[in-house]
Amino acid sequence: MARPYGYALAIILGIIKRLASVPIRTLAEACRCTWRPGYAVANTEPVAVVGGAVMKCAALCFLLMTGAALEARAQSDPSAVFTRKCSGCHTFGNGVLVGPDLKGVTERHSRRWLVSWISSSERAIRSGDSAAVALFNKYRQQRMPDQNLSGDDVAALLDYFASGGPEADARRKSRRANMATAAEIDLGRSLFLGEQPLADGGASCSSCHRLTGTASRGGSLGPDLTRAYARFQDKRLASLLERGCFPRVGHVGGRNSVTDQESFALRAFLRQATMNQRAPVASSKHGGRW
């Protein structure tokens, strides 16, 4: 069993165990029923305290399982694995950090050696492997932590390195919303309104937010985002989108709440919304514009 699911299951089983210790009469009352031997009849007076506790337990179970699912998905995403497991000590194309630059690593070492090194650098060093010992000595004998990645995760990560994935991701992240195509803006609109689901399965922006002119299709829990792009611009808005917000369970296990493509499309759409709402104002102090 994958570790995230193991943690979630352990907690959920603990909750079930606690509920199992509650007398049947109390549980029946929590379900708005009155217990009698052999049957239960409807009770018009709900027991709010116990009922609320049961609802909270159910909500907690849901969130734990959602988080575990996202964690498992993040584990198989090589971009997320690189961010979470590698980028603290390595760059890709930007020189030595704590450990070596990983650009070209699949050309400097065989795939078999890399799998062994990533799985347990300590075991490779203790075995006397010349390449492992040379790396250990070159980088001040700072041992790379062993990684609890599956064989498929390691294979995907090495493919990601071989294809120059980290550099491609960096280029995509550096694009500004004013460079978006009409198709990308339309994708942002579909994602915002929930016409196309987000990759992580989370709720759409319009579940909580609205834009001026689309009030009938938006929520009111969060603020109006018509001028969000004007306020935050690309960098800060991208950071907010990556972090995620309720009711999305975002940023679990290093995985962003939205993909890079989704983030760019949403920023492009919000930029267009800002541009569409800009209008001259009476005060000459501001040059006739906001």
Going by the conditions given, is Phe192 surrounded by 15 or more Cβ atoms within 10 Å (Cβ to Cβ), in contact with a Lys or Arg (Cβ under 9 Å, 6 or more places away or on another chain) and either at pLDDT 90 or above or among the β-branched types (Val, Ile, Thr) (or both)? no
State the number of residues belonging to segment 84-99 that are at positive phi and part of a helix (DSSP H, G or I). 0
Of the residues in segment 74-83, how many are over 17 Å from Arg171 (Cα atoms) and either in contact with a Leu (Cβ under 7 Å, 6 or more places away or on another chain) or in a helix (DSSP H, G or I) (or both)? 3
Residue ID - surrounded by the fewest Cβ atoms within 10 Å (Cβ to Cβ), chosen from residues in segment 146-166 that are modelled with pLDDT of 90 or more and among the charged types (D, E, K, R): Asp152
Would you list the helices (runs of 4 or more DSSP H) that sit entirely within segment 100-216 and hold 1 or more residues that are farther than 25 Å from Asp77 by Cβ? 121-126, 130-138, 182-193
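The values are calculated or read from the model by the stated rules, or taken from the named source; none is laboratory data. Note that the coordinates shown come from a computational prediction; the quantities given were computed from them, not determined experimentally. In this analysis, Cβ positions are derived from the backbone assuming ideal geometry, glycine residues included, and neighbour counts consider all displayed protein chains.
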